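This report concerns only the one structure given below.
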Amino acid sequence: MLTDAIWAPLGANLAWETALPLISIIAAPLTYSIGPVATLNILCLIAPALSAWTAFLLCRYITGKYWPSLTGGYIFGFSPFILGHMTYAHLDLLSACFVPLNCYFALQRFNRDIT
């Protein structure tokens, strides 16, 4: 479980790495076609925008206004937390888009918009 292929020359213990099964399944066709490094780069570039969009959806559902929702989505998706983890390609922490989605669907269920 120890490798020198990443974090050279010290290496890394792969037993401590975080598994991302949902993102891995979604990105599998891309990984098979262009490779894992390019897929990680693409996912790291898409993740902040996707987080911003889902936060925009949540803010738009709560407020019903466009510009405050756009600001809220921008602040969430491009916060120092997200951009800081983008530097080190922490994809598990970059995939924060599920937090606003969970809140969005919970609010819709609470308001009986969905069953």
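The values are calculated or read from the model by the stated rules, or taken from the named source; none is laboratory data. From a predicted model like this one, the values you see are computed outputs, not experimental measurements. Because the Cβ atoms are built from the backbone with ideal geometry, glycine has one as well, and the counts that use them run over all protein chains shown.
Residues of region 3-16 being hydrophobic (A, V, I, L, M, F, W, C) and under 20 Å from D92 (Cβ atoms), which ones? Passing the criteria: A5, I6, W7, A12, L14, A15, W16.
As for region 20-36, it holds at least one residue that is closer than 19 Å to C97 by Cα, touching a residue at least 60 places away in the same chain (Cβ under 8 Å) and not acidic (D, E).
Screening I82, I42, I46 for residues that are farther than 30 Å from D113 by Cβ and assigned to a helix (DSSP H, G or I) leaves exactly one candidate, I42.
When residues in region 69-89 are screened for being under 24 Å from P21 (Cα atoms), among the β-branched types (V, I, T) and surrounded by 12 or more Cβ atoms within 10 Å (Cβ to Cβ), 1 of them pass. Among residues of region 13-68 being exposed (fewer than 14 other Cβ atoms within 10 Å of the Cβ) and of a type in the set (F, W, Y), the one that is modelled with the lowest pLDDT is W16. G72 meets each of the listed conditions (1) in contact with a Cys (Cβ under 6 Å, 6 or more places away or on another chain); (2) closer than 30 Å to T3 by Cα; (3) not in a loop (DSSP other than H, G, I, E, B) apart from (2). Condition test on P29, is it part of a helix (DSSP H, G or I) and either in contact with a Gly (Cβ under 7 Å, 6 or more places away or on another chain) or hydroxyl-bearing (S, T, Y) (or both)? In short, no.
Filtering region 90-104 down to residues that are at pLDDT 90 or above and not in a helix (DSSP H, G or I), which residue is surrounded by the fewest Cβ atoms within 10 Å (Cβ to Cβ)? My answer is S95.
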